[in-house]
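Asks: One structure, pasted below without further comment.
The values are calculated or read from the model by the stated rules, or taken from the named source; none is laboratory data. Predicted model, so just to flag it, every value in this text is computed and none were measured. Neighbour counts run over all protein chains shown; Cβ positions are idealised from the backbone, glycine included. Side chains are part of the model used for accessible areas, which takes the heavy atoms of the whole protein and leaves out ligands, DNA and RNA. Shrake-Rupley method; radii C 1.70, N 1.55, O 1.52, S 1.80 Å.
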Amino acid sequence: QVQLGESGGGLVQAGGSLRLSCAVSGITFSEYGMGWFRQAPGKEREFVAHISWSLTTYYADSVKGRFTISRDNAKNTMYLQMNSLKPEDTAVYYCAATSTTPARSRNEYDYWGQGTQVTVSS
């Protein structure tokens, strides 16, 4: 059974930082590309960042320079370091796994976590 579990969300002031984690089991983690998406109330789920099995990274323009995606294959875990957070970053953040890389579309991902809430106050 494939499981993805996000953690690290919370409430932070604008300009602050958070680090999200995504623990993965049930797949050969090192063979999958991984991604972060987010969904704000009333909006579509949108791409945030992707890291391939070969550690190539891709970012949405809205987070480039502020967010950093990384992975630790020994721990089957992916991370999203979020700095200089803005109120518009408020959303539920989801991690996902894909056998396709690069992958920026939701439809390209095979497995999803349940999400973790990030709230940035102004």
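Asks: Relative to a virtual label point 7 Å from the Cα of K43 in the Cα→beta-carbon direction, which members of region 7-27 show backbone nitrogen distances below 19 Å?
Replies: Within reach of a label on K43: 9-20.
Asks: Now a separate question. I'd like the accessible area for E88: 1.4 Å probe, protein heavy atoms, all chains in place, Å² to the nearest 10.
Replies: Counting only protein heavy atoms, E88 exposes about 120 Å² to solvent.
Asks: Related question: Can you give the accessible area of S25, probe radius 1.4 Å, in Å² rounded to 10?
Replies: Near enough 50 Å² of accessible area.
Asks: Pairs of alpha-carbon atoms within less than 8 angstrom and 6+ residues apart define the contacts here; what relative contact order does the chain have, in percent?
Replies: In percent, rounded to a whole number, it is 36.
Asks: FRET efficiency for S122 and K75, Cβ-Cβ distance as r, R0 = 30 Å, nearest 0.05?
Replies: Values: r = 35 Å, r/R0 = 1.15.
E(calc), rounded to 0.05, equals 0.30.
Asks: With a ≥ b ≥ c taken as the square roots of the eigenvalues of the C-alpha gyration tensor of region 73-113, please select rounded if a/c is under 1.5 and otherwise prolate if a/b is larger than b/c or oblate if it is not?
Replies: Working: a/c = 2.29, a/b = 1.44, b/c = 1.60.
Cα axes put region 73-113 in the oblate bin.
Asks: Which order do D61, D89 take when ranked by solvent-accessible area (1.4 Å probe, heavy atoms of all protein chains), largest first?
Replies: Details: D61 125, D89 0 Å².
Ranked list, largest accessible area first: D61, D89.
Asks: A further question follows. Can you give me the solvent accessible area of R19 with a 1.4 Å probe, rounded to the nearest 10 Å²?
Replies: 130 Å²
Asks: What does the net charge come to around T100 if you take all other residues with beta carbon closer than 13 Å to its beta carbon, with K and R at +1 and D and E at -1?
Replies: Taking every other residue near T100 into account, the sum is -1.
Asks: Normalising by the residue count of region 1-45, find the relative contact order in percent from Cα pairs under 8 Å and 6+ residues apart. Present the calculation step by step, with values, prior to reporting the outcome.
Replies: Working: 37 pairs, mean separation 16.0, N = 45.
Relative contact order for region 1-45 comes out at 36 percent.
Asks: Can you tell which of V48, V12, V24 shows the greatest fluctuation in a Gaussian network model of the chain with Cα springs below 10 Å?
Replies: V12
Asks: Before anything else, pin down the relative contact order of region 64-121: Cα pairs under 8 Å, at least 6 apart, normalised by residue count, whole percent. Mind showing how you got there, number by number?
Replies: Working: 74 pairs, mean separation 18.4, N = 58.
Computed value for region 64-121: 32 percent relative contact order.
Asks: Distance between the C-alpha centers of region 4-73 and region 94-122? Whole Å please.
Replies: Centre-to-centre distance over Cα atoms comes out at 7 Å.
Asks: Straight-line reach from K75: which aspartates and glutamates have a Cα under 16 Å away, not including same-chain ones fewer than 8 places off?
Replies: Candidates past the 8-residue exclusion: E6, E31.
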